Amino acid sequence: MASQHDDNCIFCKIINGDIPCHKIYEDDRVLAFIDIGPISKGHTLIIPKYHAAEIVDVPEEYAAACGMAIPKIAKAVQGATGCPAYNILQNNGQLAGQAVFHVHFHIIPRYSAETGLNYKWIPGQLDETDAVEMKAAIANNLK
Ligand code: AMP
Ligand code: ZN
């Protein structure tokens, strides 16, 4: 199994046990723990045990393991907190709000309109020509 580690990465240090965390779940490829700066009660992180800054750099087997862990952990967070709603967030790049450059998925409970993840969602209007071009461009970039 391929693995990658960065001595200077805080999440790699947590994986290694060099820094403590409030561990929730662990398997060969995934670790889940409580976020140290929770946006809401029960805010949890899921990380691959592979050092990659962004989702595009994660090997398939680790991405698949994260994919399997996310609903499992979300269900546990929901069960523990009784939150009626939650967001799952994964930031890629500083501009997108990423602060720790080791891929992680946030599970952020929402208890009311005022708690949890705060974001503005301003929908545009899809242009038909743009959509056709964009669909082709993205599909052509699938590898
Ligand atoms: P992001 O902005 O998506 O990179 O989020 C990074 C998250 O990592 C933030 O929610 C931090 O509170 C969290 N975080 C940073 N250091 C630790 C740590 N040592 N243990 C748990 N969570 C951490
Ligand atoms: Zn790392």
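Things worth noting here:
- Where strands (runs of 3 or more DSSP E) fall wholly inside the range 1-120, the ranges with 3 or more residues that are touching a residue at least 40 places away in the same chain (Cβ under 8 Å) and either more than 12 Å from ligand 2 (Cβ to nearest atom) or under 12 Å from the mean Cα position of the chain (by Cα) (or both) are 44-48, 105-110.
- Residues (open to solvent by less than 50 Å² (accessible area, probe 1.4 Å) and not hydroxyl-bearing (Ser, Thr, Tyr)) located in the range 111-124: Gly116, Leu117
- Taking the criterion of being more than 16 Å from Val100 (Cα to Cα) and open to solvent by 40 Å² or more (accessible area, probe 1.4 Å), the residues of the range 36-62 that qualify are Lys41, Glu60, Glu61.
- Matching residues, the range 1-13, being open to solvent by 20 Å² or more (accessible area, probe 1.4 Å) and hydrophobic (A, V, I, L, M, F, W, C): Met1, Ala2, Ile10
- Qualifying residue in the range 28-35 (condition: hydrophobic (A, V, I, L, M, F, W, C), crowded, with 19+ Cβ neighbours inside 10 Å, away from ligand 1 (no atom under 13 Å from the Cβ) and within 19 Å of Asn92 (Cα to Cα)): yes
- Taking the listed residues Ile88, Ile73, the one that is at pLDDT 95 or above, within 14 Å of ligand 1 (Cβ to nearest atom) and not small (Gly, Ala, Ser) is Ile88, with no other qualifying.
- In the set (1) in contact with a strand residue (DSSP E or B) (Cβ under 6 Å, 6 or more places away or on another chain); (2) open to solvent by less than 20 Å² (accessible area, probe 1.4 Å); (3) under 21 Å from Ala96 (Cα atoms), the condition left unmet by Ala69 is number (3).
- Of all residues making up the range 1-42, the number that are touching a His at 6+ places or on another chain (Cβ under 7 Å) and within 18 Å of Lys75 (Cβ to Cβ): 3
The values are calculated or read from the model by the stated rules, or taken from the named source; none is laboratory data. These numbers come from a predicted model, not from an experiment. Reconstructed Cβ throughout: ideal geometry from the backbone, glycine too, with neighbour counts over all protein chains shown. Keep in mind that these areas ignore ligands, DNA and RNA; they rest on the heavy atoms of the full protein, side chains included. Shrake-Rupley method; radii C 1.70, N 1.55, O 1.52, S 1.80 Å.
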